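Shown next, in structure tokens, is the structure this report addresses.
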Amino acid sequence: MENKLNTKIVRIEKNNNAQEIISEAAKIINDGGLVVFPTETVYGIGADALNDDAVDKIFKAKGRPQDNPLIVHISSMDELNNLVSEIPEKAKKLSEAFWPGPLTLILKKSKIMSDKITAGLDTVAVRYPSNEIALQLIKISGKPIAAPSANTSGKPSPTEASHVIEDLMGKVDMIIDGGSTYIGLESTVIDMTSDIPMILRPGGITKEDVESILGECEYDPAIIKSNEKIIPKSPGQKYRHYSPKAEVILYKGSIENIAEKINQDYEEALHQGKHPGIMSTNQTEKYYNSKTTLCMGDRTKLLTISSNLFSCLRKFDEMGVDVIFAEAVEEQGLGKAIMNRVGKAASKTITV
Ligand code: AMP
Ligand code: MG
């Protein structure tokens, strides 16, 4: 049995002594330990990317399959040169446009990137985050930091420190609580090793954003037709993911049709002795009188929906809900990423 760690939880607020806390966290990273920190996407569980033993601890703490490679985080463009063997012109353009930010670039790896990080691939995923705590931690530690989402593998990614505490208490050395994350969904992952860049995971930087800089960009076919037997290029996308304990059923169609069908299925679930819950939006709340709902926000403000999504899924678990009826949103812009995550959490999709 592994010994439980004495996890230190620290909160950074505007007037707090952030430098002192981050210096302590940086020392943990340099000593081969694990630090959870906020980013603008979700919370990350970080270790020194150049220390295989430390990286190994990430996989153990999360219960992450060894064949799912990690994203390496940097705090300046200069740091990229050490990690990759080449930076194609298109990658340079995207990094200039969107770094620091919620964009991960897949590039040919350099010799210093171990197989532990890349799961044996000849490429490495790199991101330059914009969250100030994340940036300071990378800068002060002086190391590239490998940091996947700070959840138990398979569960929804953490967007608040309380989610991390639920999953990783006793499994990491420190948790830095920096409040709620901004976007609430993981970064966009783009493969830059082919001529036309390919989105392997949709996120905060949208296909339209990328096209505005490069002119062209494609989705990995596995993202679009997830029910077909196409193997995703991003190993992480092949796993069922983002799942609360409750079953999730996704409804697509017009708002009125969705609401009508959800109401029927809700009653049916009650008859079966289940505890259903509805993930609603401002526009549909009115259809679900006196039913158990959690509202994700305004459908026309996708950033509100993305920032609430994972936290709603976890809240339903806390409420003892065992089947969640989730409404689809439009698959445009950030909506593509939202639907990718809900789609992966869902056991089935009903189109009405
Ligand atoms: P996470 O850090 O938990 O947000 O997950 C990182 C995502 O990036 C997973 O879906 C990985 O499979 C993907 N990823 C990391 N490295 C690579 C790589 N070299 N090639 C393709 N996908 C990658
Ligand atoms: Mg993850």
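Here are the numbers:
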| read-out | value |
| --- | --- |
| Considering only the chain, percent of DSSP beta bridges that pair antiparallel, nearest 5 | 35 percent |
| Whole-percent carbon and sulfur share, accessible surface of the chain, 1.4 Å | 48 percent |
| Å² per residue, accessible surface of segment 1-69 at 1.4 Å | 52 Å² |
| Percent antiparallel among DSSP beta bridges (both partners in segment 185-301, rounded to 5) | 40 percent |
| Potential lengthening between S194 and E318 on full extension [0.36 nm per residue; Cα-Cα distance subtracted] | 40.3 nm |
| Centre separation in Å (Cα based) which lies between segment 28-100 and segment 139-155 | 6 Å |
| 1.4 Å probe accessible area per residue over segment 203-352, in Å² | 48 Å² |
| Cα gyration tensor shape of segment 223-352, rounded if a/c is under 1.5, else prolate or oblate by comparing a/b with b/c | prolate |
| Pairwise label distance in nanometres, A97 with E166, each label 7 Å out on the Cα-Cβ vector | 3.6 nm |
| More than 27 Å apart - percent of Cα-Cα pairs taken over the chain | 45 percent |
| N30/T152 FRET efficiency (R0 30 Å; Cβ-Cβ; nearest 0.05) | 0.70 |
| Computed [θ] at 222 nm, deg cm²/dmol, the chain (DSSP H ≥ 4; -39,500 (n - 2.57); rounded to nearest 500) | -10000 deg cm²/dmol |
| Nearest-0.05 FRET efficiency for K139 and T300, computed from C-beta distance (R0 35 Å) | 0.40 |
| Solvent exposure of segment 84-130 as accessible area per residue, Å², 1.4 Å probe | 42 Å² |
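The values are calculated or read from the model by the stated rules, or taken from the named source; none is laboratory data. Bear in mind the structure is a predicted one, so any value in this text is a computation, not a measurement. All Cβ positions, glycine included, derive from the backbone under ideal geometry; neighbour counts span all protein chains shown. These accessible areas exclude ligands, DNA and RNA; they are computed on the full protein's heavy atoms, side chains included. Shrake-Rupley method; radii C 1.70, N 1.55, O 1.52, S 1.80 Å.
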